[in-house]
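Below is one structure, written out as structure tokens; comments come after it.
Nothing in this text is a laboratory measurement; each read-out follows from the coordinates by a stated rule. In this text, all values refer to a predicted model and were calculated from it rather than measured experimentally. Positions of Cβ are backbone-derived with ideal geometry, glycine not excepted, and every protein chain shown enters the neighbour counts.
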Amino acid sequence: MHQPTEYEADPFIQLLCDAGLQHERSILQQLRRDHTVFQATSFDDTSALMQQGAPVIYQARLQNNEKGLIGFPDFLIRHENGLYQAADAKLTQRENKKALQIQLGVYRRLLNNQLPAIVFLGDGRTASLGNEVDMLVNAFIDDMKRLQIQSDQPHVRYSHSRCRICPYFIHCRAQFEAKQDISLLHGMHGRTAELLAQAGIHSIAQLASQDAENLPDVSHLSSLKRKQRVVQQARSVLNDEIIQLNEVILPEGTWVHFDIEDNPLVTTRNRHVYLWGLLAPPYTDKEFDYIWTDDEAQDYVGWLSFLEKMKRYRARYASLVFAHYSNHEKVTIQKYAERYAMLDDDTVQWLLGLRNEPSPLFDLQKAVLDNLVLPIAGYGLKEICKHPKLVNFQWQIEASGSQWSVVQFSRFLESSDIQIKQRLKTELLAYNRDDVTATRKLELWLRSFSNPKQAV
Ligand code: SF4
């Protein structure tokens with residue numbers, strides 16, 4: 001009803017679309033091995049094929065004018081009782097996603113039978129969705145009907161993860177910024193913002209002027225600590241200032257900066273880490289150290305090489321701190337240890353702190369979040385490091401980022417041209433080297449909020 005004026009999918013979204021289509025094609029091939037598959041060309045054609053009892057209908061089109069519903073299931077599969085089941089190929093590995101459940105639930109409603117819908121998931125599993133999704137579908141249809149007759153634009157709230165990839169973002173952002181909507185604040189859930197607005201607190205300035213003790217108890221905002229944090233976040237953004245909550249205390253030892261790059265577009269639940277990057281003293285480009293593997297087939301070799309490298313660092317330095325940003329590196333080491341049944345390995349136990357000594361892994365993001373409130377919309381490494389008034393470190397490849405790296409690695413996998421592969425690998429290494437250099441710069445910056453006697 002209200003299309004975005006212009007929208008060009010960025011390379012990452014395009015990559016996801018292509019991967020989704022590829023997954024759909026591979027499911028189509030699988031179905032073709034066991035069934036005769038007919039491709040539908042229209043609503044009428046779908047209906048005719050169903051009446052003829054086609055075993056599988058690809059790219060089906062369903063509609064129910066009375067209910068005001070249309071749907072485009074990837075497949076309709078004829079059950080032995082003669083009725084049809086809707087089926088979709090989805091790249092996700094989780095069948096409990098609300099949007100997915102609603103979509104498949106609407107197909108069931110269009111087919112008007114009790115058979116569950118089928119989801120062919122990205123990790124090779126097949127899931128069924130039955131009556132349990134009906135309530136979600138009812139609520140969704142009611143919401144859509146309300147919106148259809150509503151002449152004003154509905155209230156929406158900013159979501160840091162969703163809005164930035166949404167085709168309506170240009171439109172919505174202008175409105176959020178004009179209103180200085182509180183949902184722009186880091187850590188502010190949409191529902192919380194809605195409830196605070198109902199209590200008369202709409203803008204960042206209004207929230208900044210509140211006493212945390214007087215804020216109402218609303219969803220995601222029941223503890224005093226959380227309330228204090230959102231008020232401080234509002235003040236930090238409003239006044240463009242850093243608020244220091246505590247002295248930053250960093251662990252002692254030799255710091256080695258650590259960052260991994262992994263490929264989420266794998267066909268199993270096991271992400272392949274293709275690059276384990278490290279930066280040891282004196283932290284120049286020359287010290288950049290890494291393990292690279294070309295593809296998933298070398299996953300185990302890469303993991304063993306990483307452990308071997310960590311062992312060498314352990315032997316070289318008496319006391320080590322592996323600084324990384326966010327919990328991702330630690331969680332990944334844990335997952336790899338489980339993947340290869342190596343939780344008893346001496347180096348794994350040391351890295352994860354499973355013995356009677358603390359883990360040498362240190363999460364810099366936690367150090368930031370525990371001690372500082374910053375005038376930014378999100379606490380990602382790039383947001384903090386690139387900010388000219390904060391760390392002010394710039395990546396050599398300006399477009400680089402986690403999504404960019406997924407696209408580059410996918411191109412690396414696809415290409416058979418040695419020179420192109422080498423160029424892509426060089427770029428990915430430069431990106432990872434900048435990441436570990438950024439965490440080093442962040443460490444130095446954080447030390448300015450700690451005891452000045454701490455070593456640099
Ligand atoms: S609020 Fe965000 S997700 Fe919703 S339409 Fe606007 S930009 Fe898109």
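About the Cα centre of region 159-266, what is the dipole size in debye to 20, counting +1 per Lys and Arg Cβ and -1 per Asp and Glu Cβ, all else neutral?
Numbers: 10 positive and 13 negative charges, 98 e Å.
Value, rounded to 20: 480 debye.
Against the empirical 2.2 N^0.38 Å scaling, what ratio does the C-alpha Rg of region 227-304 come to? Don't jump to the answer; show the numbers that get you there.
On the way: Rg = 19.6 Å, N = 78, 2.2 N^0.38 = 11.5 Å.
Ratio of Rg to 2.2 N^0.38 Å for region 227-304: 1.70.
Which ordering of Val348, Val373 is given by a fewest-first count of other beta-carbon atoms within 10 Å?
Fewest to most other Cβ atoms nearby, the residues stand as Val348, Val373.
What does region 136-192 give for Rg and for Dmax, in Å, if only its C-alpha atoms count?
12.9, 34
Amide H of Val273 versus every other amide H placed in the peptide plane: which residues, excluding those fewer than 5 positions away on the same chain, fall under 5 Å?
Asn263
Charges on Cβ only, +1 for Lys and Arg, -1 for Asp and Glu, centred on the Cα centroid of the chain; of Asn113, Thr126, Phe169, which one is farthest towards the dipole's positive end?
Phe169
Would you please name the trypsin sites (Lys or Arg not before Pro) within region 135-204 that are DSSP coil residues with at most 12 other C-beta atoms within 10 Å of their C-beta?
Numbers: sites: Lys145, Arg146, Arg157, Arg162, Arg164, Arg173, Lys179, Arg191; in loops: Arg157, Arg162.
The qualifying sites are Arg162.
Which value, in debye to the nearest 20, gives the size of the charge dipole of region 377-456 about its Cα centre, when Lys and Arg are +1 and Asp and Glu are -1 at the Cβ?
With Lys and Arg at +1 and Asp and Glu at -1, about 320 debye.
Return the Cα extents of region 298-346 along principal axes one, two and three, sorted largest first, each rounded to a whole Å.
29, 23, 21
Return one quarter of the surface area of the convex hull spanned by the alpha-carbon atoms of the chain, equal to its mean projected area, in nm². Write down the numbers at each step before the final one.
Details: hull surface 107.6 nm².
With every direction weighted equally, the projected area is 26.9 nm².
May I ask for the equivalent-ellipsoid semi-axes of region 263-325, computed as the square root of five times each C-alpha gyration tensor eigenvalue and listed largest first in whole Å?
25, 13, 11
For region 287-386, compute Rh as the Kirkwood radius over C-alpha pairs and then the Stokes-Einstein diffusion coefficient at 20 °C and 1.002 mPa s; write the answer in µm²/s, rounded to an integer.
140
Considering only the other residues whose Cβ falls under 10 Å of the Cβ of Gln85, what net charge follows from Lys and Arg at +1 and Asp and Glu at -1?
+2
Restricting things to Cα coordinates, could you compute the convex hull volume per residue of region 304-456 in Å³? Before the final figure, lay out the partial values.
Details: hull volume 23.6 nm³, N = 153.
With only Cα atoms used, region 304-456 gives 155 Å³ per residue.
When 1/r is averaged over all different Cα pairs and the result inverted, which Kirkwood radius in Å belongs to region 40-83?
The Cα-based Kirkwood calculation yields 10.6 Å.
Average projected area of the Cα convex hull of region 98-224, in nm²?
Average projection, Cα convex hull of region 98-224: 10.9 nm².
Using the alpha carbons of region 95-160, what is the convex hull volume per residue in cubic angstrom, as a whole number?
Taking the convex hull of the Cα positions in region 95-160, it is 108 Å³ per residue.
What per residue convex hull volume, in Å³, comes out for region 379-456 when only alpha-carbon positions are used?
Spread over its residues, the Cα hull of region 379-456 gives 89 Å³ apiece.
Over the chain, what is the relative contact order in percent, taking alpha-carbon pairs closer than 8 angstrom and at least six residues apart?
11
Given 20 °C and 1.002 mPa s, compute D for region 189-229 with the Stokes-Einstein relation, Rh being the Kirkwood radius over Cα pairs; round to the nearest whole µm²/s.
The diffusion coefficient I find is 212 µm²/s.
Considering the Cα positions of region 1-140, please state its Rg to one decimal place and its Dmax as a whole number of Å.
My reading of the Cα-based Rg and Dmax gives 15.3, 46 Å.
Relative contact order of region 224-311: what whole-number percent is it, with Cα pairs under 8 angstrom and at least 6 residues apart?
Numbers: 84 pairs, mean separation 15.4, N = 88.
Reported relative contact order: 18 percent.
Tell me, how many Å apart are the Cα centres for region 354-399 and for region 406-430?
One Cα centre to the other: 27 Å.
How long is the gain from Thr268 to Ala341 if the chain were fully straight, where each residue apart is worth 0.36 nm and the alpha carbon distance is subtracted? All intermediate terms of the calculation are to be shown ahead of the outcome.
Values: separation 73, 0.36 × 73 = 26.28 nm, distance 1.71 nm.
Taking 0.36 nm per residue and subtracting the Cα distance, the gain is 24.6 nm.
Is there a pair in Lys386/Lys425; Lys286/Lys309; Lys179/Lys227; Lys227/Lys386; Lys335/Lys441; Lys286/Lys366 whose C-alpha atoms are over 26 Å apart, and which pairs would that be?
In this structure, Lys227/Lys386; Lys335/Lys441; Lys286/Lys366 lie more than 26 Å apart at Cα.
Helix 224-239 sits at what angle to the longest principal axis of the chain, using alpha carbons and giving 0 to 90 degrees rounded to 10?
Result, in degrees: 80.
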